[in-house]
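Heads up: the structure comes next, in structure tokens.
Please treat every number below as a calculation from the coordinates, not as lab data. Here the structure is a predicted model, which is why all the values come from computation and not from measurement. A quick note on method: Cβ atoms are made from the backbone with ideal geometry, for glycine too, and the neighbour counts reach across all protein chains shown.
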């Protein structure tokens, strides 16, 4: 779970700076002489967190359903060896 939240934080950080780099590059291509402001959108952060939470919940549910179907079958197997006549 630590890896998941670490990836989420790094992804948000990198995407924030890549979006600003894209904006500055676009201004340079168009020829606009202005400074790109660093504005962090709280609404975009909340939307990102909701999407990642939904993905995490789906992965968790899939993992639990797979492990639940496989975990208990060995408990029902007979441990006695069949005797040969």
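Observations on the model:
- Exclusive hit being surrounded by 11 or more Cβ atoms within 10 Å (Cβ to Cβ) and free of Cβ contacts under 8 Å to residues at least 12 places away in the same chain, set 22, 9, 54: 22
- Matching residues, the range 25-51, being under 21 Å from residue 1 (Cα atoms) and exposed (fewer than 10 other Cβ atoms within 10 Å of the Cβ): none
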